[in-house]
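The values are calculated or read from the model by the stated rules, or taken from the named source; none is laboratory data. Predicted model only: the values in this text are computed from it and were never measured. Neighbour counts are summed over all protein chains in view; Cβ atoms, including those assigned to glycine, are modelled from backbone coordinates with ideal geometry. Quick note on the areas: whole protein, heavy atoms, side chains included, nothing else; ligands and nucleic acids left out. Shrake-Rupley method; radii C 1.70, N 1.55, O 1.52, S 1.80 Å.
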Amino acid sequence: MLILAGALIFQFSQLSQLQRERQGVSNALVLSKQLSLLSKYSADCTLAATPAPEANTYTEICRDSKEKFEVAAAEAAAAAAAETLASSAIQHRHSEFEHSEMYNLNVTGIELQLKEFLGRYFTIYTESGIQLNSAREAYTTGRLVLVHLPELYAYITIARDEALMSQNALISNNHLLETQGAVHRIAEQAENTFGALLKSDNTSAAQQLSNQMLDLYNQLADYFDWLSATRFTTPNRTAFDRDLAQVAVADALLQSLADLKFRVAERFDTYLTEAQSEIYKQIIAVVLLSVVLQTVLMLLFTAVIRSVREAQSAAERLKATLKKQDKMFAIIGHELRTPAAAMKMQLDEWTRTRTADKTVEELKSTSEHLLDVLDDMRVGSDHSITSEYKIAASFSVYKLCEETVHALFYMAGRYRVDLFLNASARASMESYGYKKQLRQILINLVKNALIHAQASRVELRLQTEELEGNKTAFTISIIDDGKGIPEADWERLFEAYERGETTSSGSGLGLNVSRELVREFEQGELEYLPGASGGSVFRLSFTLPNYQPEESKRVKNASTIQDKRILLVEDTPTLLMLGHAILSRAGAEVVDATDGSIGLQLAADQAFDLVITDIMMPKMDGYEMTQKLRAQGFTNPIIGVTGATVGHEADRLLECGATAVLPKPLTLDNLYAALQN
């Protein structure tokens with residue numbers, strides 16, 4: 001609509017410009033009448049100034065011509081008082097008429113007046129904007145009417161008067177010759193402009209104007225030849241007879257020129273009328289288009305409103321579905337995570353008291369992976385634990401890659417894929433960072449290659465580069481020789497729920513989760529590259545600081561729970577027993593409670609530095625217990641521990657007054673991080 005409005009404004013401005021140009025030519029025609037009167041006035045007074053005895057008869061004629069000219073000039077000035085062009089009456093430079101035998105004409109004064117007229121013509125030309133008209137027909141005819149033809153008229157008038165003065169020995173003949181040269185140059189310019197007109201308008205009307213100009217040029221040449229031939233008097237004709245004949249020839253020439261100028265002005269007006277008609281057509285077209293566009297926009301607006309309402313309705317239905325899904329995920333997550341957490345804590349206790357073999361280490365890795373998968377469920381949910389503490393630990397990226405290959409070795413065999421690790425020996429250095437997140441990324445990427453790539457070979461390639469500042473840059477590439485990914489799917493490859501072309505099941509979250517996780521690492525990025533000889537390459541890059549045992553120990557010592565009295569509330573006996581053992585070994589004095597009501601009573605009777613509580617418990621859950629603890633004036637930290645990492649449970653517990661909420665299983669690292677925050 002803005003474009004159409006702009007088009008209308010432009011068209012109306014064009015109409016306004018055409019009106020200015022038409023008014024300019026109209027003013028020029030008015031000025032032409034005054035120029036004609038000035039030419040006659042000049043001729044009559046010049047005849048009166050000649051030395052011939054008969055010149056005395058023109059004294060009164062000169063006076064009448066002068067009066068007519070001045071009256072016409074005054075009327076024109078009064079009619080156009082508001083116009084710059086006619087803001088003041090023309091001032092005359094003739095000497096006052098004196099009662100003498102001869103009227104003394106100042107020829108230079110007439111020439112100045114004529115040139116003043118030409119200046120006024122040119123002012124009209126520039127102020128009307130004709131010189132800016134892009135249509136060649138209008139530009140050429142406008143220039144002829146306002147520049148060339150008035151200039152030719154003025155200089156022919158000057159040549160006529162100078163011929164009279166020269167023939168009567170009042171001025172040198174050289175003045176006449178110079179003026180004749182100027183007339184020829186102006187006539188040639190006019191002919192050239194007519195030639196330009198014919199290039200854009202080859203109609204008979206334009207051709208007739210050009211022919212009339214050619215006839216005028218020939219008539220002008222004949223006039224100058226006649227002046228040369230009659231320069232001197234003959235016995236059969238007096239000097240004054242010769243002067244009268246010369247004025248008559250010149251006046252006929254000037255009349256032809258005035259007629260040509262009028263016809264060119266008419267042609268100019270025709271061009272403007274045609275342009276105006278075309279602009280009106282365009283305005284009508286724009287208005288019709290605006291109406292059509294407004295109708296279409298109204299229909300689109302109605303459709304959009306309908307779509308928005310349908311989308312709002314669908315959003316409400318989706319919100320209700322997600323709410324049910326959150327609740328379902330919370331229950332599933334709690335029921336699965338509680339035994340998984342117990343198994344993880346039991347394996348940790350086993351390896352603490354016994355020498356663990358390879359099978360136990362793989363079981364630990366599998367249990368950690370299971371907990372990671374449960375955390376993955378949060379990506380499809382609207383709510384999850386709001387403050388998950390990322391625990392940095394020392395680990396070997398090489399060993400983590402090795403564990404990933406071992407953990408998925410059975411799956412690779414089931415899909416008949418050759419899975420192997422390719423890494424240099426120096427890649428086994430210890431680093432310090434988020435092991436859990438990196439394990440989750442590696443398992444997601446390798447599983448995708450095994451399940452979806454339709455490959456026979458998958459390579460996990462590890463490369464390292466030592467950096468300044470005691471850091472190491474890691475590049476892990478998962479390379480397969482499968483079917484590859486179409487280029488059209490590359491841009492949306494990492495979008496949530498995007499599964500691409502695959503016949504295997506999956507949530508479509510793995511790549512999205514992996515990219516988000518790796519970007520939390522320093523210089524972390526995950527990108528897809530097509531394989532050099534087919535297949536796919538997923539390149540994982542990140543930077544980790546090298547492990548420094550002294551600094552890690554100093555951080556842990558700063559958040560010790562030694563000599564703290566801790567109330568541990570947990571309804572699952574296994575988790576209660578294992579949690580008690582972990583906290584006690586760290587030097588804390590632990591008091592157990594199997595229900596929220598028991599914990600509340602213990603907190604009322606005893607002083608505790610810290611309360612750690614489960615959320616979902618019978619009789620009194622963690623929400624109610626936390627609220628009542630705060631109501632009783634308990635100000636020390638309350639840490640919630642839950643298996644429901646999906647849903648509103650964590651947010652709700654924080655609203656009840658908890659300091660932090662941690663996922664099961666309870667670990668000292670998570671607890672230290674929560675207490676530090």
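Table for the structure above
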| quantity | calculated |
| --- | --- |
| Unsatisfied cross-links (Cα-Cα over 25 Å) in the set Lys564/Lys619; Lys115/Lys261; Lys40/Lys115; Lys399/Lys483; Lys447/Lys471 | Lys564/Lys619; Lys399/Lys483; Lys447/Lys471 |
| Accessible area (Å², 1.4 Å probe, nearest 10) - Met577 | 120 |
| Cα-derived Rg to Rh of the stretch 160-230, Kirkwood definition | 1.14 |
| For peptides 8-14, 436-442, 578-584, sequence by mean Cβ density within 10 Å, most packed first | 436-442, 578-584, 8-14 |
| Per-residue SASA entry for Arg565, accessible area with 1.4 Å probe, Å² rounded to 10 | 60 |
| Highest to lowest packing among 605-615, 185-195, scored as the average C-beta count within 10 Å | 605-615, 185-195 |
| Chain lengthening between Arg416 and Phe122 when straightened (0.36 nm per residue, less Cα-Cα) | 96.4 nm |
| Sequence of His406, His452 when ordered by accessible area, the most exposed leading, probe 1.4 angstrom | His406, His452 |
| Label point distance in nm, Asp489-Asp64, each placed 7 Å from Cα along Cα→Cβ | 10.6 |
| C-alpha center-to-center spacing [the stretch 455-479, the stretch 284-299] in angstrom | 61 |
| Overall form of the stretch 384-493 per C-alpha gyration tensor (a/c, 1.5; a/b vs b/c) | prolate |
| With eigenvalues of the C-alpha gyration tensor scaled by 5 and rooted, the stretch 177-298, Å | 52, 13, 10 |
| Spin-label proximity, Val308 to the stretch 281-302 - amide N less than 19 Å from point 7 Å beyond Cα toward beta carbon | 294-302 |
| Kirkwood-Stokes translational diffusion coefficient of the stretch 444-500, alpha-carbon pairs, 20 °C, 1.002 mPa s, µm²/s | 160 |
| Accessible area in the full protein assembly, largest first, 1.4 Å probe, for Lys199, Lys447, Lys628 | Lys199, Lys628, Lys447 |
